[in-house]
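Participant: This is the structure, below, for whatever I ask next.
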Amino acid sequence: MTKAGIYGMGSYIGDKVITNADFEKKIDTSDEWIRTRTGIEERRFASDGIESSDMAYESAKKAIEHAEISPEDIDLILVATVTPDMAFPTVSTQIQEKLGAKNAAAMDISAACAGFIYGMVTAQQFIENGVYKHILVVGVEKLSKVIDMADRNTAVLFGDGAGAAILGPVSEHRGILAFELGADGTGGSHINLKGPHIEMNGREVFKFAVRQMGDSSIRVIEKAGLTKEDIDFLVPHQANIRIMESARERLDLPIEKMSKTVHKYGNTSSASIPMAMVEELNEGKIKDGDVLVLVGFGAGLVWGSVALVWGR
Ligand code: UT7
């Protein structure tokens with residue numbers, strides 16, 4: 001059977017650095033509270049005029065270059081986002097035009113912070129059944145436009161950015177080994193965007209995240225026929241260091257085997273996993289043949305995980 005894997009990746013990081021001290025000046029919070037409760041030291045916001053489609057385009061360009069393909073080779077574009085520039089047209093069609101990916105079909109996926117995992121798994125199906133060869137998957141968010149800067153419960157948590165991957169058929173011992181996707185709509189009210197701003201019951205989301213990040217990671221490892229000892233790298237959704245640490249501990253992984261960018265980028269929702277992977281790749285930490293577990297959770301509530309062997 002054909003297997004799907006990642007050919008190349010790229011990211012875009014919001015251009016404005018916003019420190020905890022910047023929030024201390026505006027709302028009743030402290031650097032100490034934010035660091036100890038979330039692990040966040042600073043986050044990046046995109047300037048006015050830089051929209052999700054711009055960030056998605058920049059990350060996609062890099063992924064295409066890294067994958068050594070051309071835009072015309074792309075058969076499908078999947079953009080995971082909850083902060084598109086507008087209701088329609090989609091970000092995926094906006095970047096299809098910008099990239100000149102004229103042979104690609106395009107659609108957006110809405111699965112909040114698990115969006116990139118949902119996108120990867122969707123791409124995997126088209127590649128494994130032979131329908132499509134090259135699929136661009138992007139996670140992008142401009143969360144700064146939907147947070148209430150006066151609400152300390154949410155304002156300090158989020159950031160802007162994009163991460164992209166080109167998926168395609170890979171050799172027998174590389175690529176996606178297993179996935180797990182899930183949803184629990186009964187928790188829908190815990191984090192939502194009904195009006196202009198995100199509303200969140202942090203404690204409820206926290207409890208769900210701790211349980212599901214660990215459970216889903218364990219289940220995907222079992223589905224892949226692996227054991228905890230086989231894992232070279234855990235890339236968790238970067239929402240809160242305490243949630244990430246709980247997943248790492250469930251997998252008995254040493255600290256250096258977990259990807260961490262939450263301290264400098266905050267929670268960038270669907271972009272956080274691919275952004276973190278790009279950092280590890282740039283630092284040479286993810287190597288050909290490494291076994292990775294990617295795991296995310298988010299509004300919905302939803303979750304998803306993937307176990308894959310890096311390389312093509
Ligand atoms: O991608 C999914 C997105 N969402 C998440 O991942 C959120 C998951 N949840 C969390 O990360 C944590 O629940 C938070 C970081 C949001 C909150 O941490 P916590 O340890 O669960 O705190 P808490 O909700 O129990 O609140 C403790 C106190 C409250 O004060 P009272 O009611 O006990 O007097 C909050 O009002 O901390 C207060 N608080 C703050 N204080 C200073 C909440 N936000 C802040 C803040 N600065 N920014």
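The values are calculated or read from the model by the stated rules, or taken from the named source; none is laboratory data. Not measured: the values here are computed from a predicted model. Because the Cβ atoms are built from the backbone with ideal geometry, glycine has one as well, and the counts that use them run over all protein chains shown.
Participant: Given the condition in contact (Cβ under 8 Å) with a residue 12 or more places away in the chain, crowded, with 18+ Cβ neighbours inside 10 Å and within 30 Å of Ile27 (Cα to Cα), answer yes or no: does some residue in the stretch 70-81 qualify?
Facilitator: Yes, the stretch 70-81 contains at least one residue that is in contact (Cβ under 8 Å) with a residue 12 or more places away in the chain, crowded, with 18+ Cβ neighbours inside 10 Å and within 30 Å of Ile27 (Cα to Cα).
Participant: Then there's this: Please give the helices (runs of 4 or more DSSP H) falling wholly within the stretch 1-69 in which 2 or more residues are within 16 Å of the ligand (Cβ to nearest atom), at pLDDT 95 or above and out of contact with any strand residue (DSSP E or B) (no Cβ under 9 Å at 6 or more places or on another chain).
Facilitator: Of the helices (runs of 4 or more DSSP H) lying wholly inside the stretch 1-69, those with at least 2 residues that are within 16 Å of the ligand (Cβ to nearest atom), at pLDDT 95 or above and out of contact with any strand residue (DSSP E or B) (no Cβ under 9 Å at 6 or more places or on another chain) span 20-24, 31-38.
Participant: Out of the stretch 227-272, which residues are over 17 Å from the mean Cα position of the chain (by Cα) and not charged (D, E, K, R)?
Facilitator: Matches in the stretch 227-272: Thr227, Ile231, Ser246, Leu251, Leu253, Pro254, Ile255.
Participant: Now for a separate question. When the stretch 200-220 is examined, which residues are found to be within 19 Å of the chain's Cα centre (by Cα) and touching a residue at least 40 places away in the same chain (Cβ under 8 Å)?
Facilitator: Once the filter is applied, which keeps residues that are within 19 Å of the chain's Cα centre (by Cα) and touching a residue at least 40 places away in the same chain (Cβ under 8 Å), the stretch 200-220 yields Val205, Phe208, Ala209, Gln212, Met213, Ser216, Ser217, Val220.
Participant: If you go through the stretch 230-246 one residue at a time, do you hit one that is farther than 20 Å from Phe179 by Cβ and β-branched (Val, Ile, Thr)?
Facilitator: Within the stretch 230-246, one or more residues are farther than 20 Å from Phe179 by Cβ and β-branched (Val, Ile, Thr).
Participant: Next question, about the same structure. Kindly indicate the residue of the stretch 249-278 that is surrounded by fewer than 20 Cβ atoms within 10 Å (Cβ to Cβ) and in a helix (DSSP H, G or I) and also farthest from the ligand (Cβ to nearest atom) among those meeting that condition.
Facilitator: Applying the filter and picking the extreme gives Glu256.
Participant: Sticking with this one: Evaluate the following for Phe45: is it crowded, with 20+ Cβ neighbours inside 10 Å, touching a Pro at 6+ places or on another chain (Cβ under 7 Å) and within 30 Å of Asn192 (Cα to Cα)?
Facilitator: No: the conditions fail for Phe45.
Participant: Report whether or not Gly266 is of a type outside the set (Asp, Glu), at positive phi, out of contact with any Cys (no Cβ under 7 Å at 6 or more places or on another chain) and touching a residue at least 12 places away in the same chain (Cβ under 8 Å).
Facilitator: Criteria met by Gly266.
Participant: What strands (runs of 3 or more DSSP E) lie completely within the stretch 103-182 and have 3 or more residues being within 16 Å of the ligand (Cβ to nearest atom) and outside the structural domain of Lys264 (by TED's automatic domain parsing)?
Facilitator: 135-142, 160-170
Participant: Then there's this: Just to verify a result, which residue in the stretch 279-311, among those that are touching an Asp or Glu at 6+ places or on another chain (Cβ under 6 Å) and assigned to a loop (DSSP other than H, G, I, E, B), is surrounded by the most Cβ atoms within 10 Å (Cβ to Cβ)?
Facilitator: Leu301
Participant: To continue, here is another question. Answer yes if at least one residue in the stretch 229-238 is part of a helix (DSSP H, G or I) and not assigned by TED's automatic domain parsing to the domain that holds Glu32, and no otherwise.
Facilitator: yes
Participant: Does any residue in the stretch 292-304 that is modelled with pLDDT of 95 or more come within less than 7 Å, Cβ to Cβ, of a residue that is of a type in the set (Ser, Thr, Tyr) and assigned to a strand (DSSP E or B) six or more places away or on a different chain, and which pairs are these?
Facilitator: Pairs that qualify, where the first residue is modelled with pLDDT of 95 or more and the partner is of a type in the set (Ser, Thr, Tyr) and assigned to a strand (DSSP E or B), are Val293/Ser305; Leu294/Ser305; Val295/Ser305.
Participant: Answer yes or no as to whether Ser246 is within 12 Å of the ligand (Cβ to nearest atom), outside the structural domain of Asn153 (by TED's automatic domain parsing) and in contact (Cβ under 8 Å) with a residue 60 or more places away in the chain.
Facilitator: no
Participant: For the stretch 199-222, enumerate the residues that are more than 10 Å from the ligand (Cβ to nearest atom), in a helix (DSSP H, G or I) and among the charged types (D, E, K, R).
Facilitator: Those that are more than 10 Å from the ligand (Cβ to nearest atom), in a helix (DSSP H, G or I) and among the charged types (D, E, K, R): Arg211, Asp215, Arg219, Glu222.
Participant: Do you know which residues across the stretch 223-243 are away from the ligand (no atom under 14 Å from the Cβ) and either basic (Lys, Arg) or touching a residue at least 40 places away in the same chain (Cβ under 8 Å) (or both)?
Facilitator: Result: Lys223, Ala224, Gly225, Leu226, Lys228, Asp230, Ile231, Asp232, Phe233, Leu234, Val235.
Participant: What residue, among those in the stretch 79-102 that are in a helix (DSSP H, G or I) and among the β-branched types (Val, Ile, Thr), is nearest to the chain's Cα centre (by Cα)?
Facilitator: Once the filter is applied, the top-ranked residue is Val91.
Participant: While we're here: Can we say Arg174 is surrounded by fewer than 21 Cβ atoms within 10 Å (Cβ to Cβ), free of Cβ contacts under 8 Å to residues at least 12 places away in the same chain and of a type outside the set (Val, Ile, Thr)?
Facilitator: The answer is no for Arg174.
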